[in-house]
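Participant: Have a look at this one.
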Amino acid sequence: MAFPTSTTDVIVGAIESRRKKVQDNITKNNALLTHLKEKGRILFVTGGNIILEELSFAENGNANYYSGYDLLPVAAQDVIGAAQFTLKQAAVPVVISGLELLQNDGREKQLDLMEARLGVAEGTIANIITQGLYSDGTIFNGKALVGLDAAVEATVNASQTSTYGGISRTNFSFWRSQCTSTSADISTAAKCQGVMNALWATTIRGADMPDFGIMDNNFWADWTASLQVITRFLDAKKASLGFMTQQYMGADIYLDGGIGGFAGSAVSTEGTCYFLNSKFLKFRPHKDRNFVALSPNRRYAVNQDAEVAILAFAGAFTCSGARFSGRVLATTV
């Protein structure tokens, strides 16, 4: 049964008219998504309950040198596998009561009210999406996005035993991310840059190397102090989006901390520094649930004088090459 007023249409219309703005704001308020978008690594999911990320886990054993009429090996090679990721959902209900409708009589006043509430809803969903992108997926009772804390563990490589994307890191060492651990005070230039250099070397394979890095407030402070006596490089384009950036080995380094930032880790008390390779990372929103109004004209309270619209998202953060990204685990303050 349709609700007997058109107010829900106003709410839903307000959400839909801001849909592109919501998506842009969430991307621009997150350094990780900003970089992935720039690299074309935000790809839509069109259906299914599992997202497969194909990956190469071994070399072709048939490769060999030969001479003249030597026989060439043609044995079947099992070298391609896939990590599996599930869709995660997030939503923010936007509610308007009958009294508020009376107090804001007229479509324009209703839209003004909804603009204010949608602004709050956008900021709220942006925060929980960002929090999920930096999490291991256990927050929100395990319903959050499985993010960087799972893809790039705060555990040294040889000690990683988790299962990520359906693949056991105990059984498959190629699926372990890189981690450089130090108990040294990294507030000095030599030690800060030394631990970064050590991590960087572990993430490179030929032309495959990190193209960006993310730091929390603590690590950024040490890193910035270490650059006081040398030239710093700022990317004007990234700065125009509100992010402070520097460069290290040609990679953009972002501060994604600030007030209430989620890039830090309780494990790494000195600070968190990620080196990430966007070639192997993706943000995968569902094409039909990319910050849209959920079930238009169907959400209303049956025993209250109120109407509801829901700003909703479904998607996943995926990885196809964990060993090409890493983090510093610094534990001394």
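Participant: Looking only at helices (runs of 4 or more DSSP H) that lie completely in segment 123-229, which have at least 1 residues being surrounded by 19 or more Cβ atoms within 10 Å (Cβ to Cβ) and in contact (Cβ under 8 Å) with a residue 40 or more places away in the chain?
Facilitator: Numbers: elements: 139-142, 148-151, 189-202, 217-226.
It comes to 148-151, 189-202, 217-226.
Participant: A follow-up question, please. Consider only pairs whose beta carbons are under 8 Å apart and that are at least six residues apart or on different chains; among these, list those whose first residue lies in segment 37-66 and is more than 15 Å from C319 (Cα to Cα) and small (G, A, S) and whose second residue is assigned to a helix (DSSP H, G or I) and at pLDDT 85 or above.
Facilitator: Hits for this filter: A58/F174.
Participant: Further question on the same structure: Just checking, how many residues over segment 90-115 are at pLDDT 75 or above and out of contact with any helix residue (DSSP H, G or I) (no Cβ under 6 Å at 6 or more places or on another chain)? Reasoning before the result, please.
Facilitator: So the first thing to find is which residues in segment 90-115 are at pLDDT 75 or above, and the list is 90-100, 102.
Narrowing further to those that are out of contact with any helix residue (DSSP H, G or I) (no Cβ under 6 Å at 6 or more places or on another chain): 91, 93, 95-100, 102.
Looking only at that region, the number is 9.
Participant: State yes or no: is E115 charged (D, E, K, R) and either within 25 Å of the chain's Cα centre (by Cα) or surrounded by 14 or more Cβ atoms within 10 Å (Cβ to Cβ) (or both)?
Facilitator: Numbers: charged (D, E, K, R): yes; either within 25 Å of the chain's Cα centre (by Cα) or surrounded by 14 or more Cβ atoms within 10 Å (Cβ to Cβ) (or both): no.
Criteria not met by E115.
Participant: Moving to a separate point now. For C273, which of the numbered conditions (1) at pLDDT below 65; (2) surrounded by 15 or more Cβ atoms within 10 Å (Cβ to Cβ) fails to hold?
Facilitator: Single failed check for C273: (1).
Participant: Select from segment 39-69 the residues that are at pLDDT 75 or above and of a type in the set (D, E, K, R) and list them in ascending order.
Facilitator: Correct list: K39, R41, E53, E54.
The values are calculated or read from the model by the stated rules, or taken from the named source; none is laboratory data. Please read these numbers as outputs of a predicted model, since none were measured by experiment. Every residue, glycine as well, gets a Cβ built from its backbone with ideal geometry; the counts of neighbours run over all protein chains shown.
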